[in-house]
Amino acid sequence: MLPLEKRSHLSSFKDGKAADMALRWTAVLQKLQDKWTIQSLHFSSNLLNNPVLNAAQQLGRILAVAAAVGGFLLGAVTMLLLHRRTKPRTQRI
């Protein structure tokens, strides 16, 4: 039997970016009748600490701030327009 193990994996994505993922895998190979076969295979990764999740969280924060600023500006403009329309006119003598 021959155990194998790997600690990290460089993943590339469709947009051309690459990230070094902390991926762990272990395989146990056994030679039976002059042929190597996989007896055991295990994959694991820390799903809460990886570059893909961190990038998605950062994008979510940026979009949340942009939505808050946009909503504030839209509310301010709407308030000014409504305030201008409902202002009572004074008569000149």
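Values in this text are rule-based calculations from the coordinates and carry no lab data. None of these values were measured; they are calculated from a predicted model. For neighbour counting, all protein chains shown are included, and Cβ atoms are generated from backbone atoms with ideal geometry for every residue, glycine included.
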Worksheet, complete the sentence: Residue count, the stretch 22-36, condition more than 26 Å from residue 12 (Cα to Cα) and under 34 Å from the mean Cα position of the chain (by Cα), comes to 1
Discussion item. Criterion first (over 30 Å from residue 14 (Cα atoms) and of a type in the set (S, T, N, Q)) does residue 39 satisfy it?
Written reply: yes
Discussion item. Just to be sure I understand the filter: pairs with C-beta atoms under 7 Å, separated by 6 or more residues or on different chains, first member in the stretch 30-41 and free of Cβ contacts under 8 Å to residues at least 40 places away in the same chain, second member exposed (fewer than 11 other Cβ atoms within 10 Å of the Cβ) and assigned to a strand (DSSP E or B). Which pairs pass?
Written reply: 30/37
